[in-house]
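Down below is the structure, laid out as structure tokens.
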Amino acid sequence: MTATSGGYRPTQPSERELQALRMAANGLTNSQIGTRLGITDSAIKARLSRLYRALGVPNRAGAVAEAHRRGLLSAARGDGGSP
């Protein structure tokens, strides 16, 4: 995150964070995302929390909406969580 005079401004999320968000946007739970990525639920929660800060939003729904607005969740960008 980048500091500004008024606090923090949103930054670009990592590709790994976006991969988790794509799965979340397709309805997968943290547990399901963790299983697919080979990491723990706690690691997913931490990754998504960093993502929320990077996008400047308070929650999962806000992150999905903001990522769509920025064009970060297009189908061509990778794993959307489909089996």
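The values are calculated or read from the model by the stated rules, or taken from the named source; none is laboratory data. Worth saying up front: this structure is predicted, and the values here are computed from it rather than measured. Don't worry about glycine lacking a Cβ; one is built from the backbone with ideal geometry, like all the others, and counts go over all protein chains shown.
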(message) Test of understanding: among Ala67, Ala61, which residue is surrounded by fewer than 13 Cβ atoms within 10 Å (Cβ to Cβ) and within 13 Å of the chain's Cα centre (by Cα)?
(response) Ala61
(message) Can you confirm whether Ile44 is surrounded by 17 or more Cβ atoms within 10 Å (Cβ to Cβ) and at pLDDT 95 or above?
(response) yes
(request) Quickly run through segment 23-78 and pick out the residues that are in a loop (DSSP other than H, G, I, E, B) and among the small types (Gly, Ala, Ser). (result) Gly27, Gly38, Gly56, Gly71, Ser74, Gly78
(request) For segment 33-59, enumerate the residues that are free of Cβ contacts under 8 Å to residues at least 24 places away in the same chain, out of contact with any helix residue (DSSP H, G or I) (no Cβ under 7 Å at 6 or more places or on another chain) and not aliphatic (A, V, I, L, M). (result) Thr35, Gly38, Ser42, Ser49
(request) Take segment 1-39 and flag every residue that is at pLDDT below 85, within 13 Å of the chain's Cα centre (by Cα) and either more than 13 Å from Ala63 (Cα to Cα) or small (Gly, Ala, Ser) (or both). (result) Ser14
